[in-house]
Amino acid sequence: MRDTSQTPTIETIYSAEDIRVRLQVLATEIAAKQPKNLLVVPVLKGSFVFAADLIRALYGAGLAPEVDFLTLSSYRKSRVSSGQVSILRDLDLDVQNRHVILIDDVLDSGRTLAFAKDLIAARGAESIETCVLLDKKATRAVSIEPDYCAFECPDVFVVGYGMDVAHRYRELPFVGRIVD
Ligand code: IMP
Ligand code: MG
(Lines give C-alpha, C1' and ligand atoms only; values in the text may rest on other atoms or scores of the structure.)
(Ligands and ions follow the chains in the order given, each with its own letter.)
Protein backbone atom coordinates (compact mmCIF):
# COMPACT_ATOMS: atom_id res chain seq x y z
CA MET A 1 0.00 0.00 0.00
CA ARG A 2 1.16 3.55 -0.72
CA ASP A 3 2.74 5.31 2.25
CA THR A 4 1.17 8.76 2.34
CA SER A 5 2.50 9.78 5.75
CA GLN A 6 5.31 11.89 4.24
CA THR A 7 3.54 12.97 1.08
CA PRO A 8 2.95 16.70 0.76
CA THR A 9 -0.13 17.92 -1.05
CA ILE A 10 0.27 18.08 -4.81
CA GLU A 11 -2.10 20.46 -6.55
CA THR A 12 -3.07 19.27 -10.03
CA ILE A 13 -2.25 21.70 -12.83
CA TYR A 14 -2.79 19.40 -15.85
CA SER A 15 -4.84 16.26 -15.23
CA ALA A 16 -4.20 12.90 -16.87
CA GLU A 17 -7.27 13.53 -19.04
CA ASP A 18 -6.10 17.06 -20.03
CA ILE A 19 -2.79 15.53 -21.11
CA ARG A 20 -4.38 12.64 -23.01
CA VAL A 21 -6.58 15.00 -25.01
CA ARG A 22 -3.69 17.38 -25.88
CA LEU A 23 -1.44 14.50 -26.96
CA GLN A 24 -4.02 13.37 -29.52
CA VAL A 25 -3.99 16.88 -30.98
CA LEU A 26 -0.17 17.06 -31.03
CA ALA A 27 0.09 13.65 -32.69
CA THR A 28 -2.37 14.73 -35.36
CA GLU A 29 -0.35 17.92 -35.98
CA ILE A 30 2.88 15.96 -36.28
CA ALA A 31 1.32 13.34 -38.57
CA ALA A 32 -0.19 16.03 -40.81
CA LYS A 33 3.32 16.88 -42.03
CA GLN A 34 3.79 13.25 -43.12
CA PRO A 35 7.38 13.05 -41.83
CA LYS A 36 9.44 10.36 -43.58
CA ASN A 37 12.28 8.44 -41.91
CA LEU A 38 11.19 9.85 -38.55
CA LEU A 39 13.36 9.44 -35.47
CA VAL A 40 11.88 10.49 -32.14
CA VAL A 41 14.48 11.38 -29.51
CA PRO A 42 13.26 11.74 -25.92
CA VAL A 43 15.69 13.79 -23.85
CA LEU A 44 15.96 11.84 -20.60
CA LYS A 45 15.15 11.56 -17.89
CA GLY A 46 12.17 13.86 -17.44
CA SER A 47 10.51 13.20 -20.80
CA PHE A 48 10.12 9.42 -20.54
CA VAL A 49 6.44 9.33 -19.58
CA PHE A 50 5.46 12.06 -22.06
CA ALA A 51 7.43 10.31 -24.82
CA ALA A 52 5.89 6.91 -24.05
CA ASP A 53 2.39 8.32 -24.40
CA LEU A 54 3.28 10.49 -27.40
CA ILE A 55 4.76 7.68 -29.50
CA ARG A 56 1.61 5.63 -28.93
CA ALA A 57 -0.47 8.66 -29.95
CA LEU A 58 1.74 8.92 -33.06
CA TYR A 59 0.99 5.28 -33.83
CA GLY A 60 -2.71 6.11 -33.49
CA ALA A 61 -2.19 8.98 -35.95
CA GLY A 62 -0.67 6.59 -38.48
CA LEU A 63 3.08 7.14 -37.96
CA ALA A 64 5.80 4.54 -37.37
CA PRO A 65 8.70 6.46 -35.78
CA GLU A 66 11.93 4.93 -34.62
CA VAL A 67 12.95 5.95 -31.10
CA ASP A 68 16.36 6.55 -29.55
CA PHE A 69 17.31 8.20 -26.27
CA LEU A 70 19.63 11.01 -25.30
CA THR A 71 20.39 11.57 -21.63
CA LEU A 72 21.49 15.10 -20.83
CA SER A 73 22.30 16.69 -17.53
CA SER A 74 21.91 20.33 -16.75
CA TYR A 75 23.40 19.74 -13.27
CA ARG A 76 20.03 20.43 -11.73
CA LYS A 77 20.34 19.08 -8.20
CA SER A 78 17.29 20.79 -6.79
CA ARG A 79 15.05 23.31 -8.45
CA VAL A 80 17.77 25.50 -9.95
CA SER A 81 19.72 24.88 -13.15
CA SER A 82 23.43 25.67 -13.33
CA GLY A 83 23.35 26.53 -17.01
CA GLN A 84 25.85 23.87 -18.11
CA VAL A 85 24.63 20.95 -20.22
CA SER A 86 26.52 17.71 -20.79
CA ILE A 87 25.85 14.31 -22.39
CA LEU A 88 25.35 11.52 -19.85
CA ARG A 89 24.31 8.92 -22.43
CA ASP A 90 24.51 9.39 -26.18
CA LEU A 91 22.26 8.11 -28.99
CA ASP A 92 22.91 4.68 -30.48
CA LEU A 93 21.51 5.57 -33.90
CA ASP A 94 22.96 7.71 -36.66
CA VAL A 95 20.83 10.80 -37.30
CA GLN A 96 22.29 11.67 -40.70
CA ASN A 97 19.59 12.54 -43.27
CA ARG A 98 16.81 11.79 -40.81
CA HIS A 99 13.84 13.84 -39.64
CA VAL A 100 14.37 14.14 -35.91
CA ILE A 101 11.85 15.25 -33.30
CA LEU A 102 13.36 16.02 -29.91
CA ILE A 103 10.98 15.40 -27.03
CA ASP A 104 11.39 17.16 -23.71
CA ASP A 105 9.29 17.62 -20.61
CA VAL A 106 9.87 21.31 -19.89
CA LEU A 107 11.31 24.09 -22.02
CA ASP A 108 12.59 26.40 -19.31
CA SER A 109 15.83 28.37 -19.83
CA GLY A 110 16.02 26.57 -23.19
CA ARG A 111 19.65 25.55 -22.70
CA THR A 112 18.97 21.79 -22.71
CA LEU A 113 17.01 21.76 -25.97
CA ALA A 114 19.30 24.31 -27.64
CA PHE A 115 22.26 22.04 -26.78
CA ALA A 116 20.44 18.95 -28.12
CA LYS A 117 19.42 20.74 -31.33
CA ASP A 118 22.98 21.89 -32.02
CA LEU A 119 24.30 18.39 -31.37
CA ILE A 120 21.85 16.71 -33.77
CA ALA A 121 22.36 19.42 -36.41
CA ALA A 122 26.13 18.97 -36.27
CA ARG A 123 25.60 15.26 -37.02
CA GLY A 124 23.80 15.99 -40.27
CA ALA A 125 20.08 15.50 -39.55
CA GLU A 126 17.79 16.44 -42.45
CA SER A 127 15.49 18.37 -40.12
CA ILE A 128 15.09 18.88 -36.39
CA GLU A 129 11.88 19.77 -34.61
CA THR A 130 11.14 20.04 -30.91
CA CYS A 131 8.10 18.86 -29.00
CA VAL A 132 7.64 19.76 -25.34
CA LEU A 133 5.00 18.99 -22.78
CA LEU A 134 5.37 22.35 -21.03
CA ASP A 135 6.66 25.67 -22.27
CA LYS A 136 7.68 28.11 -19.52
CA LYS A 137 8.05 31.17 -21.72
CA ALA A 138 8.83 33.56 -18.87
CA THR A 139 12.12 31.90 -17.89
CA ARG A 140 13.89 31.65 -21.26
CA ALA A 141 17.64 32.44 -21.26
CA VAL A 142 18.42 31.44 -24.87
CA SER A 143 16.40 32.05 -28.02
CA ILE A 144 14.42 28.87 -28.79
CA GLU A 145 10.72 28.19 -29.40
CA PRO A 146 9.15 24.72 -29.50
CA ASP A 147 7.65 23.45 -32.77
CA TYR A 148 5.02 21.54 -30.81
CA CYS A 149 3.90 22.23 -27.26
CA ALA A 150 1.17 20.62 -25.16
CA PHE A 151 0.75 23.43 -22.62
CA GLU A 152 2.15 26.89 -21.92
CA CYS A 153 3.05 26.76 -18.24
CA PRO A 154 3.42 29.52 -15.66
CA ASP A 155 6.77 29.89 -13.91
CA VAL A 156 6.10 27.39 -11.13
CA PHE A 157 8.13 24.29 -10.32
CA VAL A 158 6.10 21.27 -11.44
CA VAL A 159 6.35 17.55 -10.74
CA GLY A 160 4.71 14.38 -11.98
CA TYR A 161 4.18 12.74 -15.38
CA GLY A 162 7.92 11.93 -15.46
CA MET A 163 9.14 15.14 -13.82
CA ASP A 164 10.87 15.08 -10.48
CA VAL A 165 12.28 17.04 -7.65
CA ALA A 166 15.25 15.15 -6.16
CA HIS A 167 14.10 11.95 -7.99
CA ARG A 168 10.59 11.95 -6.49
CA TYR A 169 7.10 12.22 -7.98
CA ARG A 170 7.90 10.93 -11.49
CA GLU A 171 5.17 8.29 -11.08
CA LEU A 172 2.27 10.73 -10.75
CA PRO A 173 -0.09 10.39 -13.74
CA PHE A 174 -0.73 14.17 -13.77
CA VAL A 175 1.34 17.38 -13.65
CA GLY A 176 1.13 19.26 -10.40
CA ARG A 177 2.88 21.57 -8.03
CA ILE A 178 3.92 20.91 -4.48
CA VAL A 179 1.92 22.87 -1.95
CA ASP A 180 4.27 23.12 1.04
P1 IMP B 1 16.28 24.19 -19.43
O2 IMP B 1 17.60 23.73 -19.94
O3 IMP B 1 16.41 25.30 -18.40
O4 IMP B 1 15.28 24.54 -20.49
O5 IMP B 1 15.75 23.04 -18.53
C6 IMP B 1 14.95 22.09 -18.98
C7 IMP B 1 15.01 20.90 -18.06
O8 IMP B 1 14.95 21.29 -16.67
C9 IMP B 1 13.78 20.09 -18.31
O10 IMP B 1 14.05 19.11 -19.29
C11 IMP B 1 13.46 19.50 -16.98
O12 IMP B 1 14.11 18.25 -16.84
C13 IMP B 1 14.03 20.48 -15.98
N14 IMP B 1 12.97 21.33 -15.43
C15 IMP B 1 12.71 22.63 -15.72
N16 IMP B 1 11.63 23.08 -15.04
C17 IMP B 1 11.22 22.03 -14.29
C18 IMP B 1 10.13 21.86 -13.36
O19 IMP B 1 9.31 22.75 -13.09
N20 IMP B 1 10.03 20.62 -12.81
C21 IMP B 1 10.88 19.59 -13.09
N22 IMP B 1 11.90 19.71 -13.96
C23 IMP B 1 12.07 20.92 -14.55
MG1 MG C 1 14.42 17.23 -19.00
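Can you pull the percent of the chain's accessible area that's carbon plus sulfur, 1.4 Å probe, other chains left in place?
Taking all protein chains in place, the chain shows 50 percent carbon and sulfur surface.
With labels modelled as points extended 7 Å from the Cα through the Cβ direction, what inter-label distance (nm, one decimal) is found for Phe151 paired with Ala166?
My value for the distance between the label points is 2.4 nm.
Using a Gaussian network model on the chain with a 10 Å cutoff between Cα atoms, which of Val159, Val21, Val106 fluctuates the most?
Taking springs between Cα atoms under 10 Å, the residue moving most is Val21.
By how many nm would the segment from Asn37 to Glu66 grow when fully extended, if each residue of separation counts as 0.36 nm and the alpha-carbon distance is taken off?
Gain in length upon complete extension: 9.6 nm.
Nearest 10 degrees is fine. How inclined is helix 16-32 to the longest principal axis of the chain, computing both from alpha carbons?
On a 0 to 90 degree scale, this one is about 10.
Points 7 angstrom from Cα along the Cβ direction at Gln96 and Arg20: gap in nanometres?
Reported label-point gap for Gln96 and Arg20 is 4.4 nm.
Ignoring solvent entirely, what values of log10 I(q)/I(0) come out of the Debye formula for the range 26-116 at 0.15 Å⁻¹ when each Cα is a single scatterer?
Debye intensities relative to I(0), on a log10 scale: -0.59.
Under a plain spin-label model, where a point goes 7 Å from the Cα along Cα-to-Cβ, how far apart in nm are Ser127 and Ala141?
Spacing of the two 7 Å Cα→Cβ label points: 3.1 nm.
I'd like to check one number: the per residue accessible area of the chain, probe 1.4 Å, reported in Å² as a whole number.
Here the residues of the chain average 53 Å² of exposed surface.
Would you mind checking the tilt of helix 48-60 against the longest principal axis of the Cα atoms of the chain, expressed as 0 to 90 degrees and rounded to 10?
Between the helix axis and the principal axis of the chain, the angle is about 50 degrees.
Might you work out the accessible area of Leu113 for me, using a 1.4 Å probe with all protein chains in place, and round it to the nearest 10 Å²?
Around 0 Å² of this residue is reachable by solvent.
Calculate one ³J(HN,Hα) per residue across the range 123-135 by plugging θ = phi - 60° into the Karplus curve 6.51 cos²θ - 1.76 cosθ + 1.60, and present them in order as whole Hz with x for glycine and proline.
So the J values, rounded to whole Hz, are 8, x, 5, 5, 8, 9, 10, 10, 9, 10, 5, 10, 10.
Would you please name the trypsin sites (Lys or Arg not before Pro) within the range 124-156 that are DSSP coil residues with at most 16 other C-beta atoms within 10 Å of their C-beta?
Those satisfying the criteria are Arg140.
Where does the chain land at 222 nm, in deg cm²/dmol rounded to the nearest 500, when only DSSP H runs of n ≥ 4 count, each adding -39500 (n - 2.57), divided by all residues?
Mean residue ellipticity, 222 nm, calculated: -7500 deg cm²/dmol.
I'd like the chymotrypsin sites (Phe, Trp or Tyr not before Pro) in the range 32-119 restricted to DSSP loop residues with at most 13 other Cβ atoms within 10 Å, sorted by number.
Sparse-neighbourhood loop chymotrypsin sites (Phe, Trp or Tyr not before Pro): Tyr75.
Have a look at Ser47, Ser143, Ser127 and tell me which one the Gaussian network model of the chain (Cα, springs below 10 Å) gives the largest fluctuation.
Looking only at Ser47, Ser143, Ser127, the biggest GNM fluctuation is shown by Ser143.
The values are calculated or read from the model by the stated rules, or taken from the named source; none is laboratory data. Source: prediction; values computed, not measured. Virtual Cβ from ideal backbone geometry, glycine too; neighbours counted across all protein chains shown. Only protein heavy atoms, including side chains, enter the accessible area calculation; ligands, DNA and RNA are left aside. Shrake-Rupley method; radii C 1.70, N 1.55, O 1.52, S 1.80 Å.
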